[in-house]
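A short worksheet on the structure shown next.
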Amino acid sequence: MGKVYLLDVTNRDGVQTAKLGLSKLAKTMINIFLNEMGVFQSEFGFPTTKHESHYLRANLKLAEMGVLKPIRLGGWIRATVEDVERAYKLVPNIKHLQLSISTSDQMITSKFKGAKSKQDILMTVAEAIDAAKSHGAETIGVNAEDASRTDTDFLLQFASVAKEHGADRFRYCDTLGYDNPFTLYKIGKRLAREVGIPIETHCHGDLGMAVANSIAGAMGIIDGGQDAYINTTINGIGERAGNADLVAVILALKNSKGLAKKYKFGMPIRLSMAWRISKYASYAFDVPIPINQPGVGSNAFAHASGIHADGVLKDPENYELYDFKELGRGEPEMVETGREICSGEYGGISGFRHIMGKMEISFEHRDDAQEILELVRYANVLAQKSLVADELRFITRHPDIAKELLTLTPP
Ligand SMILES: [Zn+2]
């Protein structure tokens with residue numbers, strides 16, 4: 001029986017979102033939180049993009065050090081030999097890659113505009129996989145962009161070619177959020193059965209069905225005899241209407257009618273990280289969590305009407321499907337209402353020591369504090385907002401790594 005794994009794409013799809021972005025430190029923190037949560041893989045960025053190089057290499061170091069373990073860090077590139085070569089030039093020790101190419105008639109006709117035939121697409125992806133393998137890629141996922149608008153026979157052929165060349169997973173991208181749970185269940189099952197390769201669902205919320213589609217797709221894939229890898233993003237942030245929300249996907253698999261008996265996670269998932277990771281992503285993206293967000297919204301466990309309040313006080317299960325404590329909620333949080341000393345790009349040693357002292361971090365020598373403060377200033381330049389305690393702790397614990405991720409050297 002296949003299992004469900006989570007492959008989070010916040011650091012790729014999330015940061016591609018119009019009007020939003022993350023600092024390299026924030027991307028690193030997200031990788032750390034995802035690891036703590038039990039996510040199988042983080043799509044941690046773009047290895048062909050120059051300004052990502054230091055960040056990607058620094059995170060691969062964290063993996064070697066065991067800080068980012070067991071999570072896998074996968075880079076996203078286009079499925080071309082050129083991109084593979086460039087990725088290995090900029091990030092030589094990258095181990096996991098996603099190779100992406102469009103497969104639908106719409107894209108072949110109106111994006112490639114005659115530059116690529118279907119046969120060319122099959123050839124291009126095969127060559128890209130071969131190149132990635134020859135550079136030492138340990139695992140390769142092959143992405144069919146716009147899979148939901150792709151002719152099914154061609155999609156099956158494309159996935160088969162990927163498998164024959166040694167791809168480890170096939171990503172079914174519902175790039176435009178066109179599918180519904182019934183169509184995704186059906187195609188997921190068919191791909192799993194006929195191609196015989198683990199399959200990823202990559203769903204978008206243009207029709208409000210990203211989570212439902214991901215769940216149905218995973219069910220189909222598992223019923224077809226393969227492992228399912230659900231692509232998620234924290235708080236559902238992603239291109240346009242967003243991606244399948246990480247927390248909602250976990251909640252659905254755990255709690256939806258009858259699902260948990262048959263469809264199980266392949267790794268232990270720590271849902272208790274939900275509150276922390278959602279709050280952090282909200283801070284880092286500067287996007288508030290909607291009050292009605294499943295599990296983590298401020299109204300997710302709020303009751304006002306007489307009948308509901310009375311019922312929930314008698315027994316929470318009367319009106320709540322799961323307990324807030326499961327998501328790591330319910331702990332008191334300190335909010336400063338008076339004087340506040342914050343980190344900033346022009347901060348000084350006295351303020352910095354005060355902030356760190358509140359977190360019970362002290363420095364033996366003034367020089368040590370000065371060195372960390374310098375890194376914190378740089379982090380502030382890149383983030384353009386005061387850092388949070390987890391970020392300050394990270395910089396203090398891993399100054400060398402922080403220095404590398406904060407390095408931006410334009411050509
Ligand atoms: Zn996407």
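The values are calculated or read from the model by the stated rules, or taken from the named source; none is laboratory data. Computed from a predicted model, the values in this text were never measured in an experiment. Counting neighbours? That spans all protein chains shown, and the Cβs are built from the backbone with ideal geometry, glycine included. For the accessible areas, the whole protein counts, side chains as well, though only heavy atoms, and no ligand, DNA or RNA atoms are used. Shrake-Rupley method; radii C 1.70, N 1.55, O 1.52, S 1.80 Å.
Details
- A single member of 192, 216 is farther than 11 Å from residue 4 by Cβ, of a type outside the set (D, E, K, R) and touching a Pro at 6+ places or on another chain (Cβ under 6 Å), and it is 216.
- Residue 143 at pLDDT 95 or above, more than 20 Å from residue 79 (Cα to Cα) and of a type in the set (S, T, N, Q): no
Condition check ((1) farther than 24 Å from residue 168 by Cβ; (2) under 11 Å from the mean Cα position of the chain (by Cα)) across all residues:
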residue	(1), (2)
14	no, yes
26	yes, no
39	no, yes
43	no, yes
47	no, no
51	yes, no
59	no, no
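- Matching option when the condition is open to solvent by 10 Å² or more (accessible area, probe 1.4 Å), modelled with pLDDT of 95 or more and of a type in the set (Val, Ile, Thr), among 28, 49: 49
Here's the yes/no breakdown for (1) open to solvent by 30 Å² or more (accessible area, probe 1.4 Å); (2) among the polar types (S, T, N, Q):
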| site | (1), (2) |
| --- | --- |
| 88 | no, no |
| 91 | no, no |
| 96 | no, no |
| 101 | no, no |
| 115 | yes, no |
| 119 | yes, yes |
| 124 | no, yes |
| 139 | no, yes |
| 144 | no, no |
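- Filtered residue count, the range 149-174, keeping only those that are out of contact with any helix residue (DSSP H, G or I) (no Cβ under 7 Å at 6 or more places or on another chain) and open to solvent by less than 20 Å² (accessible area, probe 1.4 Å): 3
- Some residue of the range 379-388 being within 30 Å of residue 47 (Cα to Cα), open to solvent by 40 Å² or more (accessible area, probe 1.4 Å), within 26 Å of the chain's Cα centre (by Cα) and among the small types (Gly, Ala, Ser): yes
- Residue within the range 8-18 that is small (Gly, Ala, Ser), within 16 Å of the ligand (Cβ to nearest atom) and open to solvent by 20 Å² or more (accessible area, probe 1.4 Å) present: yes
- Complete set of residues in the range 189-201 that are touching a Ser or Thr at 6+ places or on another chain (Cβ under 7 Å) and part of a helix (DSSP H, G or I): 195
- Members of the range 277-293 found to be open to solvent by 30 Å² or more (accessible area, probe 1.4 Å) and within 21 Å of residue 13 (Cβ to Cβ), listed by number: 279, 283, 286, 287, 288, 289, 290
- Filter result for residue 200 (touching a residue at least 60 places away in the same chain (Cβ under 8 Å) and either surrounded by fewer than 24 Cβ atoms within 10 Å (Cβ to Cβ) or within 21 Å of residue 13 (Cβ to Cβ) (or both)): yes
Rundown of residues vs (1) away from the ligand (no atom under 16 Å from the Cβ); (2) surrounded by 22 or more Cβ atoms within 10 Å (Cβ to Cβ); (3) part of a helix (DSSP H, G or I), yes/no style:
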residue	(1), (2), (3)
222	yes, yes, yes
225	yes, no, no
229	no, yes, no
238	no, yes, no
247	yes, yes, yes
250	yes, yes, yes
257	yes, no, no
269	yes, no, no
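- Candidates in the range 147-172 are the residues that are under 22 Å from the mean Cα position of the chain (by Cα) and aromatic (Phe, Trp, Tyr); of these, the one that is farthest from the ligand (Cβ to nearest atom) is 170.
- Screening the candidates 158, 182 for the property of being under 24 Å from residue 1 (Cβ atoms) and at pLDDT 95 or above yields one hit, 182.
- Test for residue 175: is it within 16 Å of the ligand (Cβ to nearest atom) and touching a residue at least 40 places away in the same chain (Cβ under 8 Å): no
- Residue selection: residue 190 fails the criterion of being closer than 25 Å to residue 106 by Cα, under 17 Å from the mean Cα position of the chain (by Cα), surrounded by fewer than 21 Cβ atoms within 10 Å (Cβ to Cβ) and basic (Lys, Arg).
- Any hit, the range 315-323, residues being out of contact with any Ser or Thr (no Cβ under 6 Å at 6 or more places or on another chain), surrounded by 14 or more Cβ atoms within 10 Å (Cβ to Cβ), in contact (Cβ under 8 Å) with a residue 24 or more places away in the chain and farther than 30 Å from residue 385 by Cα: yes
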